[in-house]
Amino acid sequence: MLSRTQIKDIVFSIPILKKYYTKKRVANGSLIPLNEIHTVLDVAPNVYLEKPISLNLKVGLVKDGHEYEGFVKARAYYPKYERFLRNNNIAFAYYDIFAHDWQVKARDFDVVIWHTESDPSTQDIATNKIYVLEKLMGKKCLPSFDEIWSYEDKINAHYLYKHYNLPEIPTFVTHSKRDAIAYVNKVKFPIISKLATGSSSFGVVKLKDKNAAVRLINESFSFKGAKTYFPFQRQKNYLLFQEFIEDATFDLRIMVVGDKLFGYYRYPNAGDFKASGAGNYERKEIPSQALDLAFKVREKFQSVFLATDLLFSQKTQKYYIIESSIFIGIDTSAQLKLNNVPGYYRRISEGNYTFNKGKFWVQELALNELLKGK
Ligand SMILES: Nc1ncnc2c1ncn2[C@@H]1O[C@H](COP(=O)(O)OP(=O)(O)O)[C@@H](O)[C@H]1O
Ligand SMILES: [Mg+2]
């Protein structure tokens, strides 16, 4: 199956197709003319820092989602970041971090804000550049080096869950072929196999028996590695296997930023087990047990914003972590709804949350956390 990015590449290479596609995206609201962006943003009130920021601070803002001239993607983060910066009188300039002179340009900034796209190429570029910006030049970065290190990297995230004793879906990660073979010789099938980096379930497969698993192990440890849905990257010398949680019926995504929590449920299509990318959402109450877990994961990850996806197993009556993301697709300023009323849960203490009404661009709340007290 072609990924969205591959389809986009083809469409973008043919001008008439690009024009048609742009028109279609504007009609369905996923692309917005730049001069109309305020009408989209204004559905949620501004977010203001409690105390004004130090006067000489300057922010470098990297633009995302702006590859259609004159338009911006509804999901782009930078317009929300920009609104927050303007409303709080924080000096900023757009920052082209992809160009050759990014290190020289960085000297102008104290803070760099960048919604990194979720593909492996951008992750690689971002991890290395943020290392230089943060560790060598002393810039404050969103994402920080620690945040980018585990973002869209299911292997690194697994190391963190393990280290902090967080209840992830039972996961086996190895870089040893012998070890992988020994695992599939004793495991109960089916199992789940995942790419280290992937989204919308594209890199997730169910392996029905040992033959299928051994085939993948052989490919991964071959000279070329196994093909992935990214034409530029292969699965090489690693396996990430998980127990298949067969009695899970939904994904529960919980966002945590400061003491505010938001979230919603996602469901797989009939006959499938993968809720990610299926597009079936429901916004309703979230049990405090799940809120507690998502809050704890954000604390351990030390990120300003973290969305943690959970599965619930009927059999064990427990939540398990699927994955955590510092960036997610944000389509609305109503990320949580109770009886159709937008709002958030405020954490009072463990097990104790109150619902408060309101609409928010969670990207603004993230900047508020990042810059408060600066
Ligand atoms: N071990 C598992 N057992 C059962 N279902 C799973 C398991 N892991 C993932 N899923 C389902 O597959 C979907 C995709 O997996 P996920 O790891 O979140 O990949 P992606 O990064 O593509 O979203 C999840 O949203 C969940 O519904
Ligand atoms: Mg997912």
Exercise. Quickly work out the L17-to-S201 label distance, labels modelled 7 Å from Cα along the C-beta direction, and quote it in nm with one decimal.
Key: 2.6 nm
Quiz item: Name the chymotrypsin sites (Phe, Trp or Tyr not before Pro) in the stretch 3-38 that are in a loop by DSSP and that have at most 12 other C-beta atoms within 10 Å, would you?
Solution: none
Quiz item: Between S13, G70, Y319, whose Cα lies farthest towards the positive end of the dipole of the chain when Lys and Arg beta carbons carry +1 and Asp and Glu beta carbons carry -1, centred on the Cα centre?
Solution: S13
Exercise. Go ahead and set up a Gaussian network model of the chain, Cα springs under 10 Å, then flag whichever of A182, A74, A196 fluctuates most.
Key: A182
Practice problem: Report the trypsin sites (Lys or Arg not before Pro) located in the stretch 216-268 that are in a DSSP loop and have at most 16 other Cβ atoms inside 10 Å of their Cβ, or state none. | Solution: K224, K236
Exercise. For the chain, evaluate the Debye formula with one uniform point scatterer on each Cα (no solvent term) and list log10 I(q)/I(0) at q = 0.14 Å⁻¹, rounded to two decimals.
Key: -1.38
Self-check item: Farthest positive-ward along the chain dipole, Cα basis, beta-carbon charges - from H115, A180, H158
Solution: A180
Quiz item: Restricting attention to the stretch 1-86, which GluC sites (Glu not before Pro) occupy a DSSP loop and are surrounded by at most 14 other Cβ atoms within 10 Å?
Solution: E50, E67, E69
Exercise. Compute the semi-axes of the equivalent ellipsoid of the stretch 251-371, taking the square root of 5 times each eigenvalue of the Cα gyration tensor, and list them largest first in whole Å.
Key: 21, 16, 15
Self-check item: Nearest-20 debye value, the stretch 114-157 charge dipole, Cβ charges on Lys, Arg, Asp, Glu
Solution: 260 debye
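Pairs of Cα atoms under 8 Å, at least six residues apart: use those to get the relative contact order of the stretch 170-243, whole percent.
Values: 113 pairs, mean separation 32.0, N = 74.
Result for the stretch 170-243 is 43 percent.
Taking a temperature of 10 °C and a viscosity of 1.306 mPa s, what whole-number D in µm²/s does Stokes-Einstein yield for the stretch 1-111 with Rh from Kirkwood over alpha carbon pairs?
Answer from the Stokes-Einstein relation: 98 µm²/s.
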Quiz item: Which whole-angstrom value gives the distance between the alpha carbon centres of the stretch 52-93 and the stretch 131-187?
Solution: 30 Å
Quiz item: For E50 and I7, FRET efficiency with R0 = 51 Å and r from the beta-carbon atoms, rounded to 0.05?
Solution: 0.70
Self-check item: HN-Hα J in Hz across the stretch 310-327 - Karplus 6.51, -1.76, 1.60, θ = phi - 60°, x for Gly and Pro
Solution: 10, 10, 10, 8, 4, 4, 8, 6, 10, 8, 10, 7, 8, 6, 10, 9, 7, 10
Quiz item: Gaussian network model of the chain, Cα springs within a sub-10 Å range: biggest mean-square fluctuation belongs to which of D153, D124, D272?
Solution: D272
Self-check item: 28 Å tail of the calculated P(r), the stretch 126-269, as % of Cα pairs
Solution: 29 percent
Quiz prompt | the chain, dipole about Cα centre (Lys/Arg Cβ +1, Asp/Glu Cβ -1), debye to the nearest 20 | solution = 480 debye
Exercise. Name the residues whose placed amide hydrogens come within less than 5 Å of the amide hydrogen of L31, ignoring near sequence neighbours (fewer than 5 apart) on the same chain.
Key: V26, A74
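For N211 and I348 in one chain, what is 0.36 nm times their gap in residues minus the Cα-Cα distance, to one decimal in nm?
Value of the extension gain: 44.3 nm.
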Quiz item: Of all accessible surface on the chain at a 1.4 Å probe, what whole percent is carbon and sulfur?
Solution: 51 percent
Exercise. Mind scanning K73/K129; K139/K162; K63/K140; K24/K63; K162/K318; K23/K73 and naming the pairs with a C-alpha gap bigger than 19 Å?
Key: K73/K129; K139/K162; K24/K63
Exercise. Give the accessible area for L136 in Å² (nearest 10); use a 1.4 Å probe, count only protein heavy atoms, and leave out ligands, DNA and RNA.
Key: 120 Å²
Quiz prompt | Residue among A275, Y94, G343 farthest towards the positive dipole end of the chain, charges placed on Cβ | solution = A275
Quiz item: So, in nm, how far is label N156 from label N340 when the simple model puts each one 7 Å beyond its Cα toward the Cβ?
Solution: 4.3 nm
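One quarter of the convex hull surface, Cα atoms only: what value does that give for the stretch 170-243 in nm²? If you can, show how the numbers build up before the last one.
On the way: hull surface 18.3 nm².
Result: 4.6 nm².
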Self-check item: 16 Å reach of a label modelled at I125, 7 Å along Cα-to-Cβ, counting backbone N of the stretch 43-82
Solution: 61-68, 77-78
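Just to make sure I understand: if all protein chains stay in place, what is the order of M137, M255 by accessible area at 1.4 Å, largest first?
Reading off the accessible areas and sorting them downward yields M137, M255.
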Quiz prompt | Most mobile listed residue (V47, V112, V11) in the chain, GNM with C-alpha springs under 10 Å | solution = V11
Exercise. Using only alpha carbon pairs under 8 Å that are at least six residues apart, calculate the relative contact order of the stretch 32-149 and give it in whole percent.
Key: 27 percent
Quiz item: So what is the accessible area of the chain per residue, in Å², with the probe set to 1.4 Å?
Solution: 50 Å²
Quiz item: Per-residue ellipticity at 222 nm for the chain, helices alone: DSSP H runs ≥ 4 residues times -39500 (n - 2.57), over residue total, nearest 500 deg cm²/dmol?
Solution: -9000 deg cm²/dmol
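The values are calculated or read from the model by the stated rules, or taken from the named source; none is laboratory data. Keep in mind that what you see is a predicted model, and the values were worked out from it rather than measured. Methodologically, a virtual Cβ is constructed for each residue, glycine included, from the backbone with ideal geometry; neighbour enumeration extends over all protein chains shown. Surface accessibility is based on the protein's heavy atoms, side chains included, excluding ligands, DNA and RNA. Shrake-Rupley method; radii C 1.70, N 1.55, O 1.52, S 1.80 Å.
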